[in-house]
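Report on the following structure.
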Amino acid sequence: MFGAPSDSALIRRYYLYRATLSVGFITPIFTLFLLRSLTFTQVGMLSALYSVLSVVGEIPTGYVGDRLGRRASLLLSVAFTVGSLTGFVVSEGFLPYAVLYVLWALALTFRSGSMDAWLYDMLDQRLNTERFSHVRGKGDAVQNWTAAISMVAGGLLYGIEPTYPFIGAVVFNSLGFVSLLSLPKNRQYDGRSEDEPDRIDPREASRVIRDQLMRPPLRSLVLYCGLFYAIMGVGHTYVQPMAIETLTPYATSVGVQLPADTTSATATARSGEAGAAVALGLGFLYAVLTAISSAGGYYAGAVEDRIGVRRTVLLVPTVTAVILVVPTQLAVLALPMFAVMRTSVPLVQPIANGYINDHVEEVGRATLLSAVSMFYMTLRTPLALGAGLVADASTATTAIAMLGGVFLVIGGAVWLLGEVAPESRATIGEQSGPPVS
């Protein structure tokens, strides 16, 4: 269908695929949409279910990525994403939403290891793996900029009819099929290479995970970054109700009206109600925050070059966790807190993933990266349940502050007791033996 692209065209097509991954239409209103019929605790249960299913599915779907090819795995991810989004248009309630979360979890697991494995292998075959952080980071930025544009539309559509943002997302995310078909398969899957494909059996997959993931230098890095990603993932669920709790009192002072059937900003947040002005405001807020966050991914390579892997992955999560606690004392600082939350993961993730890729073998790379994602989601499960209970008992603002405190305590212990990302770019193939802890 598509001709063989040049190296520069290949990178552009990768950026196009990353753009189609954006779910900006639903991002600024998704939690509010759920709260129309659910409690915070039920939202937390759905998030925990998503995490558990992601854990269960990561290794099998990573194995599929290594058996059938990275691109086939990514096509399945798009199919499950579109199916889940369609379901939110036609169903409502905890049990139907649980089924849709199953599809959403499958979409994540089919993409999580295969996307980075495809990119790293393609750079290894045609360009230079040293460009991984730069290309991956700029791909994050493209995805964020696309999301920023669609977020404003999503807020506007929600103010008209709550299901309209999901219809827009179905149409847009379906373009992922076309963008993926324009990407070539990795050489070992294209049918023209004499090389053996990156295919391993389940026993070999277990050995790869045990030998490469559970030893230095990856062990402490995966634990530290995994906790950070889990906390940020759960925290993003509560940004919309927290924005209403902390910022709408300032908005009402300048004439913005809350829905008439609620008595306070916190009640509005818990009910999932949002007037047209509030929904559009959330769309603009998310668009601005996402545009800001694109700087994290875009400059990830430059930051890595300037201050190194170790300083980046240690300092950025710690500073972010401190900032999560601040709005409980001064609500107006919620805005800069949102900006930091949106920027920190796109900054850290390409650098951490590049470090992990540099320290693993080519065989089973998708399986290993899926195992890493599985560990992140394992940590997310209890955090999601705990945050939901805290939010129902108090406020969404308190729930996010609690998450920041958890990272400072546990992440601080990992920092002090482990060796997180020692400054070495040697690949696993260049090591003479397992490092000694």
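The values are calculated or read from the model by the stated rules, or taken from the named source; none is laboratory data. Quick caveat: nothing in here was measured; it's all calculated off a predicted structure. Heads up, the Cβs are rebuilt from the backbone with ideal geometry, glycines too, and the neighbour counts pull from every protein chain shown. Heads up: the accessible areas ignore ligands, DNA and RNA and are worked out on the full protein's heavy atoms, side chains in. Shrake-Rupley method; radii C 1.70, N 1.55, O 1.52, S 1.80 Å.
Remark: pairs (first residue in segment 92-113, touching a residue at least 24 places away in the same chain (Cβ under 8 Å); second residue among the charged types (D, E, K, R) and part of a helix (DSSP H, G or I); Cβ separation under 7 Å; 6+ apart in sequence or on different chains) = THR109/GLU58; SER112/GLU58. Only one of the numbered conditions (1) open to solvent by 10 Å² or more (accessible area, probe 1.4 Å); (2) closer than 23 Å to ALA371 by Cα; (3) in contact (Cβ under 8 Å) with a residue 60 or more places away in the chain is violated by GLY159, and that is (2). Among the conditions (1) without any contact (Cβ under 8 Å) to a residue 24 or more places away in the chain; (2) open to solvent by 30 Å² or more (accessible area, probe 1.4 Å); (3) touching a Lys or Arg at 6+ places or on another chain (Cβ under 9 Å); (4) among the hydrophobic types (A, V, I, L, M, F, W, C), the only one that VAL171 does not satisfy is (3). Would you mind stating whether GLN143 is closer than 18 Å to ARG342 by Cα and part of a helix (DSSP H, G or I)? Yes, satisfied. Listed by first and then second residue, the pairs linking a residue in segment 332-357 that is in contact (Cβ under 8 Å) with a residue 40 or more places away in the chain to a residue that is part of a helix (DSSP H, G or I) and aromatic (Phe, Trp, Tyr), with Cβ atoms under 6 Å apart and 6 or more places separating them unless they lie on different chains, are GLY354/PHE132; ASN357/TYR120. Taking segment 1-118 as the region of interest, none of the helices (runs of 4 or more DSSP H) fully inside it holds 3 or more residues being more than 25 Å from GLY137 (Cα to Cα), open to solvent by 30 Å² or more (accessible area, probe 1.4 Å) and basic (Lys, Arg). Of all residues in segment 312-332, one or more are modelled with pLDDT of 85 or more, in contact with a Cys (Cβ under 7 Å, 6 or more places away or on another chain), open to solvent by less than 30 Å² (accessible area, probe 1.4 Å) and among the hydrophobic types (A, V, I, L, M, F, W, C). Among the residues of segment 342-350, some residue qualifies, meaning at least one is open to solvent by 40 Å² or more (accessible area, probe 1.4 Å) and either under 24 Å from LEU32 (Cα atoms) or modelled with pLDDT of 90 or more (or both).
Which residues, counting only those in segment 225-239, are over 13 Å from SER344 (Cα atoms) and at pLDDT below 90? Residue satisfying the conditions is GLY226 alone. Does segment 265-282 include one or more residues that are modelled with pLDDT under 90, under 16 Å from VAL340 (Cα atoms) and open to solvent by 50 Å² or more (accessible area, probe 1.4 Å)? No, that holds for no residue. A single entry from ARG36, ARG71, ARG111 fulfils the requirement of being under 17 Å from the mean Cα position of the chain (by Cα) and of a type in the set (D, E, K, R): ARG111.
Of everything in segment 394-424 that is surrounded by 12 or more Cβ atoms within 10 Å (Cβ to Cβ) and modelled with pLDDT under 80, the residue that is farthest from PRO317 (Cα to Cα) is SER424. Just to be sure I understand the filter: pairs with C-beta atoms under 7 Å, separated by 6 or more residues or on different chains, first member in segment 381-399 and closer than 21 Å to THR248 by Cα, second member outside any helix (DSSP H, G or I) and at pLDDT 90 or above. Which pairs pass? Pairs found: ALA391/TYR238; ASP392/THR39; ALA396/TYR238; ALA399/TYR238.
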